[in-house]
1. For the range 157-245, what are Rg and Dmax over the alpha carbons, in angstrom?
2. Over the chain, give the accessible area per residue in Å² for a 1.4 Å probe, as an integer.
3. Give me the one-decimal nm value for the distance between modelled label points at Arg62 and Ile137, 7 Å along each residue's Cα-to-Cβ direction.
4. Which residue, Gly132, Gly184, Ser32, has the largest displacement toward the positive end of the dipole of the chain when charges sit on each Cβ (Lys, Arg +1; Asp, Glu -1)?
5. How far apart, in nm, are two points set 7 Å out from the Cα along the Cα-to-Cβ line at Glu169 and at Arg39?
6. Take the solvent-accessible surface of the protein heavy atoms, probe 1.4 Å, and return the percent of it on the chain that carbon and sulfur atoms account for.
7. Rounded to the nearest 0.05, what FRET efficiency is calculated for Phe46 and Asn20 with R0 set to 25 Å and r the Cβ-Cβ distance?
8. Probe radius 1.4 Å, ligands and nucleic acids left out: which of Met1, Met204 has the largest accessible area, and how do the rest follow?
Amino acid sequence: MIQVITIDFWNTLFDSSGGNERNALRQKAIMSEINNYNREISPELFEKALKASWEYFNKIWRQEMRTPSVQDSIAFFWKYLELPTDPQAINRIADYFANSVLIHPPKLIDGVADILPVLASRYKLGIISDTGFSPGIVLRKLLEQNNILHFFDSFSFSDETGYSKPHPESFRKVLAELGSNTSGALHIGDIEATDIVGAKQLGMYAIRFAGDSTGYFANESSNPTIADAIVYNWNEIPETIENIC
């Protein structure tokens, strides 16, 4: 009997809309700090530094199952450009990066607002999310702004736990707090290699959500899965969970 439902944040609860605007704000914040050094950074070098920073993040995320803090990612970018060490500048940029998601927020995926109350009336709910530029403390504000924070009783954000999916500890934190064993829990997420593999390897049930075309991994939606089911719309989720039970 399923007692606990854990849910991914990005591209499962929220889409990726507003990303271009957020990135524009973040680049503006970086350039504002760089200008204090009277350094001329060519667009080509800037793009190379951005690409290298993403590769740095992605390597740690995939290989070490943790996510570098936004300060770490910016410090890598800073060092790549051979700028003078300046922790205060890095912290100012990091703060801007983190809060840009509140200035240009993503949208709740269709159906989330209607189905979450249904799930909350039947199961205990938790969030398990890998974080990038926006830490858990900011993502909670986004949940609150969309009036859905109160549906969740436990949170596992990778910047807070030190673990990212598919590491078992990402899932165990929520299961422990909600008093469930793995066989009584189901995870919903969009990424096969992190959400689905992590849940299934631990002995949980899993549903892959493939209904957000704005996601970075949306092209995986047609790939084979080890999930117990695939859904393309939040309205399918309650019945799918019942069928799995």
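The values are calculated or read from the model by the stated rules, or taken from the named source; none is laboratory data. Given the structure is predicted, the values throughout are model-derived calculations rather than measurements. Positions of Cβ are backbone-derived with ideal geometry, glycine not excepted, and every protein chain shown enters the neighbour counts. What goes into the accessible areas is simple: the full protein's heavy atoms, side chains included, and nothing from ligands, DNA or RNA. Shrake-Rupley method; radii C 1.70, N 1.55, O 1.52, S 1.80 Å.
1. Cα radius of gyration and Dmax of the range 157-245 are 12.9, 35 Å respectively.
2. On the way: 11720 Å² over 245 residues.
About 48 Å² of surface per residue is accessible.
3. With each label point 7 Å from Cα toward Cβ, the separation is 3.1 nm.
4. It is Ser32.
5. For the pair Glu169/Arg39, the computed spacing is 3.4 nm.
6. Details: 5700 of 11720 Å².
The nonpolar share, carbon plus sulfur, comes to 49 percent.
7. Values: r = 16 Å, r/R0 = 0.65.
Rounded to the nearest 0.05, the efficiency is 0.95.
8. Values: Met1 190, Met204 5 Å².
So, going from the largest accessible area down, we get Met1, Met204.
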